[in-house]
Number of protein chains: 2
Amino acid sequence: MIPVTANTVIGVRTPSAVYDVEIGKGLINQVGARLDALLQGGLRAGKQRAFLVTSPEIDHLWGGLLESGFHDLGLPSLTRLLVPAGEEHKRLATVERLAEEMVHHGADRDSVLIALGGGVLGDLTGFLAAIYMRGIRYVGVPTTLLAQVDSSLGGKTGVNLAAGKNLAGAFHHPLAVYADTATLATLPPAELRAGLQEAIKAGIIRDRTLFEFLETEADAVLTGTPEALTRVVAASVRVKAEVVSADEREGGLRMILNLGHTLGHAIEAATGYQQLLHGEAVAWGMIAAVTIALRRGTITTAEAERIERTIRAYGPLRGFTVEAAQLVALTARDKKNRSGTRSFVLPVGIGDAAVVKDLTDAELLQAAQAVATEARGVSEARRVSKASGVTA
Amino acid sequence: MIPVTANTVIGVRTPSAVYDVEIGKGLINQVGARLDALLQGGLRAGKQRAFLVTSPEIDHLWGGLLESGFHDLGLPSLTRLLVPAGEEHKRLATVERLAEEMVHHGADRDSVLIALGGGVLGDLTGFLAAIYMRGIRYVGVPTTLLAQVDSSLGGKTGVNLAAGKNLAGAFHHPLAVYADTATLATLPPAELRAGLQEAIKAGIIRDRTLFEFLETEADAVLTGTPEALTRVVAASVRVKAEVVSADEREGGLRMILNLGHTLGHAIEAATGYQQLLHGEAVAWGMIAAVTIALRRGTITTAEAERIERTIRAYGPLRGFTVEAAQLVALTARDKKNRSGTRSFVLPVGIGDAAVVKDLTDAELLQAAQAVATEARGVSEARRVSKASGVTA
């Protein structure tokens, strides 16, 4: 685990891009200075122009602070491109509208985008940068835990189709990522908890120390103690940076990042992306993966129990009502499937995971059934308590 | 110049892609066999699926022949994705519609697109391949001269915005290009002539022998003699392949491919992309570039005259009525401009060109005025002759 210093800097080194992820408190105010330094004074000299892409809500919370960093240094003012919050705006039509606005504002190939917001905003802005004039640069300033530990680095950008999430996109790495942990203080608790499921995932697949920190320090992490959160973000980023650096295009190792995601995506699709947060769906998916690993004997009962207990400690996981068979059918649409072979990630003890290609439909169905049954129970309990006037 | 053999194969070798462009008569019928070989039997084995993207018109002319090549080998039948012909369909909305259809038909990351058609279809299909599930493979089967000599290779893909052409796109190279010169027989003569302007450009910037062939054999080329056309296509492809292989991302050398294009794009934009074919607009742009080079003394009068005479031999160039100042203003929007510097390509004798960065507005305006005046004259003469009942 990385010791907490003022700011932690973690490098991503892939064949197509080399950049740093900086993690620290109060970074948003420093983005102007950092970016201008990266561009060798290009902003100050007026050679490059910066565009701030964000939602009205995030702009209200953090846009002024980011802008004041530019203002204090005498940098030219930012042009804002606003996107309404919400997954439904992560579409090609939004990208097109933003690109038209950029042309209108005179953006050229040297212009730089600043993506200020959560995962949806980051994916959308990265993709806009990927295709505007066949590719311009961007930096990420993720403001949610999920975006800080996962989606802001690795170069996966994209938008949704009606037919499914993230089905149109590009690999396009940021020039840098600035994860300001101060922004996490304004997150709704449910979003913080859901985001932490991705940190748990990072621990399970590659960092036993991170997992054990999340296991034993759940109270400090969940109350949002800045030091605890910074540790968790930095360690999670390091796991992702290492994996992405070793396998940029998901040829092999990178697939382990999908632990819990195959069923997680199916659960999200089956519930119309409305009922559960991404991290909650992934948590259910990880529980299913642990169940399968346990049945296969690739993990000990003791470790399986620790994993499940920790996932649940960062709950409660909201329920859903979907047939297990439907979930299995939906996994067939997963982008990671190639030519009819299903790849599935299983934990191999705490801190290690493996991709298996021989998972049977029966194994998947059995695990999906266990999860679907429990999730239905949670759902029904909630309905009953609601009906009787008790707050769930 | 490349000797004419049965088929000519020219390699493109860039840091991100290695592929061949094959040029010959009757190749369309061989696409199935070639593609299956490239995929190591993946089509035959049902591991990979092929989708044919084309327009109803091109499908009618050549789709059946391409398909029969698949059929004769017992390869699985192709799924068709149809796009109406025309620049107005080269938009993100079309890409989105096609991507949704692909999901519907079960296309996965191993699926392959076949782009059968002209430049618009090729740019659109290449971009669809670039962003579908963050990138799948495609092959080009260009059916116009312009697409065969220019747009089908080099990896530039994209669509138009309302604000301008090709402003959203990606670099995404094909797996291979099959240029069947038999398809050129069905081209309208004006399109053949306009496409040949790009071949003249290839000669001017890098292949004196090609230029001299076009200069002396204009009759054979313009009547569409298969041997002459195959020579011209092969030599032009070689020029582009060499330039792109040396400079994939337009850092330097690749810019010379833009000879005639800075003003050419401005003329197209000013006339709403309706009045002139791309090659005609480029021809006017090349005449302007020669004028500037002559004034600067970077080309001899004798060579400038040969260039201009040859360009006009592949005319007649249709006229237009636009103020020179408007053309100059429109060049400021050119994608190749970076941070306010204008790059402009000038011929340096026949077979050589250079990029200059110090072109003044006055020089550009003067050359634009000469071209605009002549083009207005052509336009007016045509109106007068039309009004008096004489066919222009």
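The values are calculated or read from the model by the stated rules, or taken from the named source; none is laboratory data. Model, not experiment: these values are computed from the prediction. Neighbour counts run over all protein chains shown; Cβ positions are idealised from the backbone, glycine included. The accessibility values were calculated without ligands, DNA or RNA, using every heavy atom of the protein model including side chains. Shrake-Rupley method; radii C 1.70, N 1.55, O 1.52, S 1.80 Å.
Annotations
- Of the listed requirements (1) facing chain A (nearest Cβ under 7 Å); (2) open to solvent by 10 Å² or more (accessible area, probe 1.4 Å), B:Gly169 misses just one: (2).
- Residue that is farthest from A:Thr144 (Cα to Cα) [pool: residues in region A:79-91 that are modelled with pLDDT of 95 or more and not in a helix (DSSP H, G or I)]: A:Thr79
- Exactly one residue among A:Ala288, A:Ala281, A:Ala302, A:Ala269 is under 24 Å from A:Ser379 (Cα atoms) and without any contact (Cβ under 8 Å) to a residue 40 or more places away in the chain, and that residue is A:Ala281.
- Residue among A:Ala370, A:Ala329 that alone is open to solvent by 30 Å² or more (accessible area, probe 1.4 Å) and modelled with pLDDT under 95: A:Ala329
- Out of B:His71, B:His104, one residue alone is within 29 Å of B:Gln40 (Cβ to Cβ), open to solvent by 30 Å² or more (accessible area, probe 1.4 Å), within 14 Å of chain A (Cβ to nearest Cβ) and not β-branched (Val, Ile, Thr). It is B:His104.
- Among the residues of region A:148-158, those identified as more than 9 Å from every other protein chain (Cβ to nearest Cβ) and touching an Asp or Glu at 6+ places or on another chain (Cβ under 9 Å) are A:Gln148, A:Val149, A:Asp150, A:Ser151, A:Gly154, A:Gly155.
- Among the numbered conditions (1) surrounded by 17 or more Cβ atoms within 10 Å (Cβ to Cβ); (2) in contact with a helix residue (DSSP H, G or I) (Cβ under 8 Å, 6 or more places away or on another chain); (3) within 14 Å of another protein chain (Cβ to nearest Cβ); (4) under 22 Å from B:Asp110 (Cβ atoms), the only one that B:Gln48 does not meet is (2).
Conditions (1) more than 20 Å from B:Leu327 (Cα to Cα); (2) within 16 Å of the chain's Cα centre (by Cα), marked per residue:
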{"site": "B:Gly260", "(1), (2)": "no, yes"}
{"site": "B:Gln275", "(1), (2)": "no, no"}
{"site": "B:Gly279", "(1), (2)": "no, yes"}
{"site": "B:Val282", "(1), (2)": "no, yes"}
{"site": "B:Ala288", "(1), (2)": "no, no"}
{"site": "B:Arg306", "(1), (2)": "yes, no"}
{"site": "B:Arg309", "(1), (2)": "yes, no"}
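- Subset tally (residues that are within 11 Å of chain A (Cβ to nearest Cβ), open to solvent by less than 10 Å² (accessible area, probe 1.4 Å) and not β-branched (Val, Ile, Thr)) for region B:83-96: 1
- Counting the residues of region B:5-17 that are among the hydrophobic types (A, V, I, L, M, F, W, C) and surrounded by fewer than 18 Cβ atoms within 10 Å (Cβ to Cβ) gives 3.
- The listed residue being more than 13 Å from every other protein chain (Cβ to nearest Cβ), open to solvent by 10 Å² or more (accessible area, probe 1.4 Å) and either within 27 Å of A:Gly251 (Cα to Cα) or touching a helix residue (DSSP H, G or I) at 6+ places or on another chain (Cβ under 6 Å) (or both), out of A:Gly135, A:Gly122, A:Gly117: A:Gly122
- Hits in region B:157-166 - residues which are out of contact with any strand residue (DSSP E or B) (no Cβ under 7 Å at 6 or more places or on another chain) and either buried (at least 18 other Cβ atoms within 10 Å of the Cβ) or in contact (Cβ under 8 Å) with a residue 12 or more places away in the chain (or both): B:Gly164, B:Lys165
- Any hit, region B:336-345, residues being more than 24 Å from A:Asp110 (Cβ to Cβ) and modelled with pLDDT under 95: no
- Residue check, B:Ala99 within 14 Å of another protein chain (Cβ to nearest Cβ), of a type in the set (Gly, Ala, Ser), surrounded by fewer than 18 Cβ atoms within 10 Å (Cβ to Cβ) and under 24 Å from A:Ala99 (Cβ atoms): no
- For region A:222-239, the criterion of being free of Cβ contacts under 8 Å to residues at least 60 places away in the same chain and either acidic (Asp, Glu) or at positive phi (or both) is met by at least one residue.
- Exactly one residue out of A:Gly251, A:Gly264 is surrounded by fewer than 21 Cβ atoms within 10 Å (Cβ to Cβ) and not polar (S, T, N, Q), and it is A:Gly251.
- Any hit, region B:227-234, residues being under 27 Å from B:Ser16 (Cβ atoms), of a type outside the set (Gly, Ala, Ser) and open to solvent by less than 10 Å² (accessible area, probe 1.4 Å): yes
- If the condition is being within 13 Å of chain A (Cβ to nearest Cβ) and surrounded by 14 or more Cβ atoms within 10 Å (Cβ to Cβ), then region B:18-43 contributes B:Leu39, B:Gly42, B:Leu43.
- Tally, over region B:174-223, of residues that are open to solvent by less than 10 Å² (accessible area, probe 1.4 Å) and more than 29 Å from B:Glu57 (Cβ to Cβ): 5
- Test for A:Thr79: is it β-branched (Val, Ile, Thr) and either surrounded by fewer than 21 Cβ atoms within 10 Å (Cβ to Cβ) or within 14 Å of another protein chain (Cβ to nearest Cβ) (or both): yes
- Residue check for A:Thr271: within 14 Å of chain B (Cβ to nearest Cβ), farther than 27 Å from A:Arg208 by Cα and open to solvent by less than 30 Å² (accessible area, probe 1.4 Å): no
- Tallying residues that are buried (at least 17 other Cβ atoms within 10 Å of the Cβ) and not hydrophobic (A, V, I, L, M, F, W, C) within region A:299-314 yields 4.
Residues are listed down the side, and each one gets a yes or a no for (1) free of Cβ contacts under 8 Å to residues at least 40 places away in the same chain; (2) acidic (Asp, Glu); (3) more than 24 Å from B:Ala289 (Cβ to Cβ):
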site	(1), (2), (3)
B:Leu128	no, no, yes
B:Gly155	no, no, yes
B:Pro189	yes, no, yes
B:Ile200	no, no, no
